[in-house]
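Got a structure for you, written out below as structure tokens; questions coming shortly.
The values are calculated or read from the model by the stated rules, or taken from the named source; none is laboratory data. For clarity, every value in this text was computed on a predicted model and none was experimentally measured. Neighbour counts are summed over all protein chains in view; Cβ atoms, including those assigned to glycine, are modelled from backbone coordinates with ideal geometry. Just the protein is used for accessible areas: all its heavy atoms, side chains included, with ligands, DNA and RNA removed. Shrake-Rupley method; radii C 1.70, N 1.55, O 1.52, S 1.80 Å.
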Amino acid sequence: MRWGVRGKLFVGSLVLIVTSVVAANLYLASVLEAELTQRIRAELDVRLALMERQIGREIIDWTDVAACDRLADDLGQRSGTRVTLVRQGGTVVGDSEITTESLAALESHAGRPEIAAALNGVTGSETRVSATLKRRMAFVAGPVRSGATIVGAVRAGIPLTEVEDAVARIHRALGIASLLAIAVALLISSGAAQFISRGLRDIIAIARRMAEGDLTARTLTTGRDELGDLGRTLDQLADNLSTSLRDLRAERDRLGRILEGMNEGVLVIDADRAVVLLNPALRTMLQAEPPRTGPATDVMPAPAIALVPENLHAVLEKSLASNAPATGEIDAGPSGRRRLLVHAAPLSGKPRGCVAVLVDVTEIRRLESIRRDFVANVSHELRTPVTAVRTALETARGVAKSDPASAERFLDMAFRNAERLASLVQDLLDLSRIESGELKLDAAGVDISAVFAQVLGNFVAPAERKHLRLSHTVPADLPSVCADRRALEQVVSNLLDNAVKYAGDGGSITLRAARLGRWIRLAIEDTGPGIGPQHLPRLFERFYRVDEGRSRDRGGTGLGLAIVKHLVEAMGGAVEVESTVGKGSTFSVTLPMA
Ligand code: ADP
């Protein structure tokens, strides 16, 4: 059974009260009894003294039992006590409560302590149950002398019933008083217990709410007692806890925001390889394809553990096993097209684990590969005309004297290749200036008709050589386009150059312009050989050619379309191509309206 504070207080006070009442009763009764007995004894002493003298005078013959008993009866009646006369030796010769006849049957009283003392010359006294009368009596006995000789003893006895009655009355009165006192005390103690336990219950209820996480709960106690102290201490505890919790939450939120805002992926696993943390950036890296431009789009949430690929686990395991940082590069994303650089480091302290920071290096690696390819391509492209120039010059020198006509031809060849080299270098320089942003483009309203007319003028002679028909159609009300005039002329010129270069004899080339909402679309259509669909996606890459031999023959550098694309994009537009093999191609450029 569980005892509440109230029960314990109640039982405790009950035991205390009952014990003190019983002790008080016993003490009072014994004191009273002793007092009364003392008084009776003093009374007996007085009466005995009177009797001793009278007996000394009146008894001459201690063997005359009849006379002695008569005297005892007389004294007993007058003094209201039991009077017993005992001869030296112990024989009872008179007793006020016993008939003369019965005296002979009485045993010797020499052994009674009070009588033994009296027969020895001193006053004796005792309280005991009388063997003769079967009652509790107080006895006092004194010697009776004849001259100097002790001839007998007289004993006065009083039944103690009076004392017993008085003690019993006191017991009763004390009993009733005690019961009343107990009742009152119990009432008071139960009230006090109730009061304390209610206060405690209130505090316990609040403490329980705090334990369940409600740190706004307060006891708001104002008392000056221990319960008040307890309540205030609890309130202060809750205040302190709230502050610490608020600080902790703020810290956690700050860390959370940092992790959320990071571009780098962060992964934390524990010693059991369970994912403890996986930030949104990493989730995106592992779930979505690498973006072509701009940040990744929203992704559906997936269980963290399912996202962590095997190869990432391998780097983490390496770090955990060696208890040292580990680095690696992994392919990730749904189709493994993302390249992630992983730095893993073991977490010190307990519990153990591992933290990994992942950086998306897809774009860096792609650019590195482009750069490598570009350097290789440039070297290759430069080597060919340089070799041709050197070979032609060597040959020309060899035949200069013997065959001046051939020497002339070789010098022409060297010159043509030097021209190609120059245009290649020029294209490369253009491209790098556009890419580095060094080429400053001034956007302004440009009249398309004027641009078309200007550019077409430069191609009249080459077109005539190939019997090509050149035409342009521009609506009269076409608004100006927002572009850099020189850049736009270069774009149109490069596209027209290709159309003239690759068109067969006798074809036609048409330049068109039209308005599409807030955009202006320029198109260069030719009836040339067309381009196979497999080439179209890569057509605008640097050095990409459909037919390398034919491009070179016609003085192509493989950079014309790459320059077009860069210039158009730098002006906020887009370029695309449609083509059918055997029928012709249409390159279109879309630019914003001025
Ligand atoms: P190039 O200097 O070789 O002409 P470009 O970048 O201008 O380089 O063009 C890339 C390739 O696209 C060319 O080699 C050619 O094969 C093809 N091409 C470009 N324009 C046309 C066109 N109008 N008709 C057919 N093929 C074309």
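Using just the C-alpha positions of segment 183-242 as equal point scatterers, what log10 of I(q)/I(0) does the Debye formula give at each q in 0.20, 0.29 1/Å?
-0.72, -1.14
Can you tell me the FRET efficiency between Ile364 and Thr222 if r is taken as the Cβ-Cβ distance and R0 is 60 Å, rounded to the nearest 0.05?
It comes out at approximately 0.30.
Then there's this: Please list, in chain and number order, the residues 5+ apart from Leu468 or on another chain whose amide H is under 5 Å from its amide H, with Hs placed from the backbone.
Here Gly506 satisfy the definition.
So, one more: Please give every one of the aspartates and glutamates within straight-line cross-link reach of Lys501, meaning a C-alpha to C-alpha distance under 15 Å, and leave out same-chain neighbours fewer than 8 residues apart.
Of all the aspartates and glutamates, those that pass the test against Lys501 - Cα under 15 Å, at least 8 places apart if same chain - are Glu464, Glu525, Asp526, Asp547, Glu548, Asp553.
If you don't mind, another one. Let's see if you can work this out: charge +1 on each Lys and Arg Cβ, -1 on each Asp and Glu Cβ, no other charges. What is the dipole magnitude of segment 159-205 about its Cα centre, in debye to the nearest 20?
For segment 159-205, the charge dipole is close to 320 debye.
For Ala177 and Glu329 in the same chain, what is the full-extension length gain: residue separation times 0.36 nm, less their Cα-Cα distance, in nm?
Here the segment from Ala177 to Glu329 would lengthen by 45.1 nm.
Mind computing the radius of gyration and Dmax over the alpha-carbon atoms of segment 1-55? Å is fine for both.
Taking only Cα atoms of segment 1-55, I get Rg and Dmax of 23.5, 76 Å.
A follow-up question, please. Counting only protein heavy atoms and a 1.4 Å probe, tell me what percentage of segment 483-594's accessible area is made up of carbon and sulfur.
47
Taking N as the number of residues in the chain, what is its alpha-carbon radius of gyration divided by 2.2 N^0.38 Å?
For the chain, the normalised Cα radius of gyration is 2.68.
To continue, here is another question. Could you check the spin-label model distance between Ala594 and Leu245? Points 7 Å from the Cα along Cα→Cβ, value in nm.
About 6.8 nm, to one decimal.
Can you give the convex hull volume of the alpha carbon atoms of segment 452-588 per residue, in Å³?
110
What are the equivalent ellipsoid semi-axes of segment 68-209, built from the alpha-carbon gyration tensor (square roots of five times its eigenvalues), in whole angstrom, biggest first?
Over the Cα atoms of segment 68-209, the semi-axes work out to 62, 16, 12 Å.
On to the next question. What's the angle, to the nearest 10 degrees (0 to 90), between helix 485-502's Cα axis and the longest principal axis of the chain?
With rounding to tens, the tilt is 60 degrees.
Right, another one. Could you pull out the pairs from Lys466/Lys583; Lys440/Lys466; Lys401/Lys466; Lys440/Lys583 whose alpha carbons sit more than 29 Å apart here?
Beyond 29 Å: Lys440/Lys466; Lys401/Lys466; Lys440/Lys583.
Which length gain, in nm to one decimal place, applies between His535 and Arg416 when the Cα-Cα distance is subtracted from 0.36 nm times their residue separation?
40.0 nm
Only Lys, Arg, Asp and Glu count, each charged at its Cβ (+1, +1, -1, -1), so figure out the dipole size of segment 357-477 about its Cα centre, rounded to 20 debye.
The calculation lands at about 600 debye.
Could you give me the ³J(HN,Hα) list for segment 230-238, computed from phi with Karplus coefficients 6.51, -1.76, 1.60 and θ = phi - 60°, whole Hz, x at Gly and Pro?
4, x, 5, 4, 5, 4, 5, 4, 5
Next question. To the nearest 0.05, what FRET efficiency results for Ala34 and Ser108 with a Förster distance of 25 Å applied to their C-beta separation?
Calculated transfer efficiency: 0.20.
Mean separation of Cα pairs under 8 Å and 6+ residues apart, divided by the residue count of the chain: what relative contact order is that in percent?
In percent, rounded to a whole number, it is 7.
Give the lysines whose C-alpha is closer than 26 Å to that of Lys318, dropping any in the same chain fewer than 8 places away, or say none.
Output for Lys318: Lys350.
Next up: Quick check for me: using +1 on Lys/Arg Cβ and -1 on Asp/Glu Cβ, what's the dipole size of the chain about its Cα centre, in debye to the nearest 20?
860
Still on this structure, please answer the following. Positive end of the dipole of the chain, charges at C-beta (+1 Lys, Arg; -1 Asp, Glu), about the Cα centre: which of Met137, Gly555, Thr84 has its Cα farthest in that direction?
Of the options given, the answer is Gly555.
Residue by residue, what Karplus-based ³J(HN,Hα) values in Hz, rounded to whole numbers, does segment 551-562 have, using 6.51, -1.76 and 1.60 with θ = phi - 60° and x for Gly and Pro?
Coupling constants for segment 551-562: 4, 5, 3, 9, x, x, 10, x, 10, x, 5, 5 Hz.
How much accessible area per residue does segment 207-259 have, in Å², with a 1.4 Å probe?
Accessible area per residue: 77 Å².
At R0 = 51 Å, how high is the FRET efficiency between Thr19 and Asp61 if r is their beta carbon distance? Nearest 0.05 is fine.
0.25
Then there's this: Starting from the 7 Å offset along Cα-to-Cβ, what nm value, one decimal, do you get for the label separation of His467 and Ser348?
So the two model labels end up 8.6 nm from each other.
Can I ask one more? So how far apart, in nm, are the two label points at Ala574 and Ala514 if each is 7 Å from Cα heading toward Cβ?
Taking the two extended label points, one gets 1.7 nm.
How far is helix 5-58 tilted off the main Cα axis of the chain, in degrees rounded to 10, range 0 to 90?
Approximately 10 degrees, to the nearest 10.
Under the Karplus relation 6.51 cos²θ - 1.76 cosθ + 1.60, θ = phi - 60°, what is the ordered set of whole-Hz ³J(HN,Hα) values for segment 355-372, x standing for Gly and Pro?
Per-residue couplings from phi come out as 10, 10, 10, 10, 10, 6, 10, 3, 5, 4, 5, 5, 5, 4, 5, 4, 4, 4 Hz.
Taking H as built 1.01 Å from N, whose amide H comes closer than 5 Å to the amide H of Thr91, not counting residues under 5 places away?
It is His109, by chain and number.
Calculate, for segment 422-530, the solvent-accessible area per residue in square angstrom, rolling a 1.4 angstrom probe over the heavy atoms of the protein chains.
Normalised by residue count, the accessible surface of segment 422-530 is 51 Å².
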